[in-house]
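Enquirer: This is the structure, below, for whatever I ask next.
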Amino acid sequence: MQRSRIVGTGTYLPERRLTNDELRAEMKLDTSDAWIRERTGIGARRLAAPDEATSDMATAASRKALEMAGIRADELDLIVCGTVTADMPFPAAACFVQAKLGAKKAAAFDVSAACAGSLFALSIADQYIKNGLAQKVLVLGAELLTRITDWSDRSTCVLFGDAAGAMVLVPETRPERGLLSTHLHTDGTQTSILNIPGGGSIRPYGPEVHEHRDQFIKMNGREVYKTAVRALEACSREALQRNGYRPQDVDRVIAHQANLRILEHVMKKLEIPLEKCELNIEEVGNTSSASVPLTLDQANRAGRLKDGDLVLMMAIGGGMAWGSALLKW
């Protein structure tokens, strides 16, 4: 069966950089730079400008990925965008990206898997290519989380930042190269530990939702942490075992940057040195579905991905939804 290959990556980060000290002062929070860094590893995050939408960021990242791939937007067959902060409830953010790029022949849709969204989107794109239904696919992770963040909630507002990342996939022609496998999981019994409880069909936006600020992200940090460590280790081992590899065979880890402590714990359990894990959480925070493609682009453009490297990808988000991917670069 035909494998897929990532031939272009791109990132967009908004201009405004908000440090922990600036966040504390502007939002009048009872916190400190040391407190945030110790618990999360985050030192700063990016905030989109008032006139920027999710599709604007996604389009900018897409153009960089397409340029690297040497592919025109009108050649794309498919656009899949992982996001929970689309421009509107509908249509999909991917539809706006398609129009802005001029990708006239591409089908376009969004995937909602919270922070695992871009990995879920990658898995879908891979299946389209494997089955011969598409030749050139744009995969996106784009989030404008600062507009669904409760800036009075110290436990969550210190975590999130805005960003977009893009990956361009084509069929792989070389033996033993490309995306080897993807593995997706969901536990719907854990919907309560990370969600936005108001604004949907269960509790439409109204005075009660507004009063309790339930239109913003709510998180049980302790439970999310426990689930993340357990799930990320398990799905990483699943990907490696499926393809006959061991953790020590991994050359580079591209992981969702949710919390530095989570990454440290998972890497320790896998017995993979932390130095093999690409990190950017200190500068950009948790960028949700943008995190995996952003992190991949960072490693790619820095030359840290070598031909033939075994690359392990992993992500987890609300749902709870999580997954892994293994590829030969």
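The values are calculated or read from the model by the stated rules, or taken from the named source; none is laboratory data. As the structure is a prediction and not an experimental result, all values here were calculated from the model. Positions of Cβ are backbone-derived with ideal geometry, glycine not excepted, and every protein chain shown enters the neighbour counts. Calculation scope for accessible area: heavy atoms of the full protein, side chains included, ligands and nucleic acids excluded. Shrake-Rupley method; radii C 1.70, N 1.55, O 1.52, S 1.80 Å.
Enquirer: Too long at a 28 Å Cα-Cα cut-off: which of LYS104/LYS130; LYS136/LYS226; LYS64/LYS104; LYS105/LYS130; LYS64/LYS130; LYS28/LYS268? Don't skip to the end; give the middle numbers.
Expert: Values: LYS104/LYS130 23 Å; LYS136/LYS226 38 Å; LYS64/LYS104 18 Å; LYS105/LYS130 20 Å; LYS64/LYS130 25 Å; LYS28/LYS268 36 Å.
Table pairs above 28 Å Cα-Cα are LYS136/LYS226; LYS28/LYS268.
Enquirer: Taking Cα pairs under 8 Å and at least six residues apart, what relative contact order does region 222-329 come out at, in percent? Don't jump to the answer; show the numbers that get you there.
Expert: On the way: 159 pairs, mean separation 37.3, N = 108.
Computed over region 222-329, the figure is 35 percent.
Enquirer: Using label points projected 7 Å from each Cα along Cα→Cβ, tell me how many nm separate PHE90 and ARG39, to one decimal.
Expert: 3.9
Enquirer: How tilted is helix 54-69 with respect to the longest principal axis of the chain? Cα atoms for both, answer in degrees (0 to 90, nearest 10).
Expert: Roughly 20 degrees, rounded to the nearest 10.
Enquirer: Stretch TYR205-LYS104 to full length: gain in nm at 0.36 nm per residue minus the Cα-Cα span?
Expert: Residue separation times 0.36 nm, minus the Cα-Cα distance, leaves 32.8 nm.
Enquirer: Please report the relative contact order for the chain, taking Cα pairs under 8 Å with a sequence separation of at least 6, and give it as a percent rounded to a whole number.
Expert: Numbers: 810 pairs, mean separation 81.3, N = 329.
Taking the mean separation of contacting Cα pairs over the length of the chain, I get 25 percent.
Enquirer: With a cut-off of at most 13 other beta carbons within 10 Å, and DSSP calling the residue loop, which trypsin sites (Lys or Arg not before Pro) in region 6-45 qualify? Please list them.
Expert: In loop regions of region 6-45 (DSSP not H, G, I, E or B), the sparsely surrounded trypsin sites (Lys or Arg not before Pro) are LYS28.
Enquirer: Which of the three applies to region 39-115, rounded, prolate or oblate, going by the alpha-carbon gyration tensor with a ≥ b ≥ c and a/c under 1.5 meaning rounded? The partial results should precede the final answer.
Expert: Numbers: a/c = 1.94, a/b = 1.51, b/c = 1.28.
Since a/c reaches 1.5 and a/b is larger than b/c, the shape of region 39-115 is classed as prolate.
Enquirer: Further, regarding this structure: ASP56 accessible area, nearest 10 Å², 1.4 Å probe?
Expert: In the full protein context, ASP56 sits at about 60 Å².
Enquirer: In whole percent, and with a 1.4 Å probe on the protein chains, what portion of the accessible area of region 143-247 is carbon and sulfur?
Expert: Answer for region 143-247 is 51 percent, counting heavy atoms of protein chains only.
Enquirer: According to the square roots a ≥ b ≥ c of the eigenvalues of the Cα gyration tensor, what is the shape class of region 35-177, taking rounded for a/c under 1.5, prolate for a/b larger than b/c otherwise, and oblate for the remainder?
Expert: Note, shape of region 35-177 comes out prolate.
Enquirer: Residues of region 301-319 with backbone nitrogen within less than 16 Å of a virtual label 7 Å along the Cα-to-Cβ line of LYS276, please, listed as ranges.
Expert: Within reach of a label on LYS276, which here means backbone N under 16 Å from a point 7 Å along Cα→Cβ, region 301-319 contributes 304-314.
Enquirer: Additional query: Report, for the chain, the % of DSSP beta bridges that are antiparallel, rounded to 5.
Expert: About 70 percent, rounded to the nearest 5.
Enquirer: Modelling each spin label as a point 7 Å along the Cα-to-Cβ direction, I'd like the ASN131/ARG17 distance in nm, to one decimal.
Expert: That separation, rounded to one decimal, is 4.4 nm.
Enquirer: Add -39500 (n - 2.57) for each DSSP H run of 4 or more in the chain, then divide by its residues: what number comes out at 222 nm, to the nearest 500 deg cm²/dmol?
Expert: -10000 deg cm²/dmol
Enquirer: If the elastic network links every pair of Cα atoms under 10 Å, which of PRO14, PRO50, PRO197 fluctuates the most in the Gaussian network model of the chain?
Expert: Sorting by GNM fluctuation, first place goes to PRO50.
Enquirer: Pick out, in residue order, every one of the GluC sites (Glu not before Pro) in region 1-73 that is DSSP loop and has at most 12 other C-beta atoms within 10 Å; say none if there are none.
Expert: GLU15
Enquirer: Here is a follow-up. State in Å² the accessible area per residue of the chain; use a 1.4 Å probe, count heavy atoms of protein chains only, and round to the nearest integer.
Expert: Values: 13880 Å² over 329 residues.
Here the per-residue accessible area is 42 Å².
Enquirer: Next question, about the same structure. Distance in nm between label sites at MET219 and LYS28, each 7 Å beyond Cα in the beta-carbon direction?
Expert: Taking the two extended label points, one gets 2.5 nm.
Enquirer: As I understand it, the value is the acute angle between the Cα axis of helix 260-270 and the longest principal axis of the Cα atoms of the chain; what does it come to in degrees, rounded to 10?
Expert: Its long axis makes an angle of about 40 degrees.
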